[in-house]
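As structure tokens, the structure follows; a few thoughts come after it.
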Amino acid sequence: MTPEEIVHAVFARVRATDPSVAQLYAPDAVLDHGDGVHSGRDQIDAFYRGVFVRRPQPQVEALFVNLPTVAALLRVETGDGTVNQVVDVFQVEDGLIRAMKVCLQPG
């Protein structure tokens, strides 16, 4: 998969509450969500399992690519009807996500 396809796959798997989303990350990847840093695939897996409880439906509105960086502008609706705009920035190398950071989550 291309880096762009990998990023799109993250959000497709989140929408499907598919725990294999963590497999898109390198074993030593780092995910910074603002509520803390999740290091390694096991912690990233646990993070996403917590996210699935809210049943988010992230939709990619735009991708900005300057490899190895891929930034995704998202519209995220949760199970309770809350809608947020979020920017997630990924570092994708060698077919895996090395790092992801949530840069903006208003509200």
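Computed from the coordinates by the stated procedures, all read-outs in this text should not be read as laboratory data. Keep in mind that this is a model prediction, so the values were computed, not measured. Virtual Cβ from ideal backbone geometry, glycine too; neighbours counted across all protein chains shown.
Taken about its Cα centre, region 3-104 carries a charge dipole of roughly 240 debye when the Cβ of each Lys and Arg holds +1 and the Cβ of each Asp and Glu holds -1.
Relative contact order, whole percent, for region 3-104 stands at 28, derived from Cα pairs under 8 Å and 6 or more residues apart. Stretching the chain fully between ASP32 and LYS101 yields a gain of 24.4 nm (0.36 nm per residue, less the alpha carbon separation). Taking Cβ atoms as reference points and 10 Å as the exclusive limit, the residues near LEU67 contribute a net charge of -2, counting Lys and Arg as +1 and Asp and Glu as -1.
Each residue of region 27-42 was assigned a 3J(HN,Hα) from its phi angle through the Karplus expression (A = 6.51, B = -1.76, C = 1.60, θ = phi - 60°), giving x, 10, 5, 10, 10, 10, 9, x, 8, x, 9, 10, 10, x, 4, 5 Hz with x at Gly and Pro. For Rg and Dmax of the Cα atoms in Å, the choices are (1) 14.1, 41; (2) 12.5, 34; (3) 12.6, 37; which was calculated from the structure? So the structure-derived entry is (3).
List the GluC sites (Glu not before Pro) within region 14-107 that DSSP assigns to loop and that have no more than 16 neighbouring Cβ atoms inside 10 Å.
Passing sites in region 14-107 do not exist.
Here is how the number arises for the chain: DSSP H runs of 4 or more residues each give -39500 (n - 2.57), the sum is divided by the residue count, and the result at 222 nm is -7500 deg cm²/dmol.
Here the simple spin-label model places points 7 Å from the Cα toward Cβ, and for GLU4 and ARG75 these points are separated by 2.0 nm.
When both bridge partners sit in region 3-104, DSSP labels roughly 90% of those beta bridges antiparallel.
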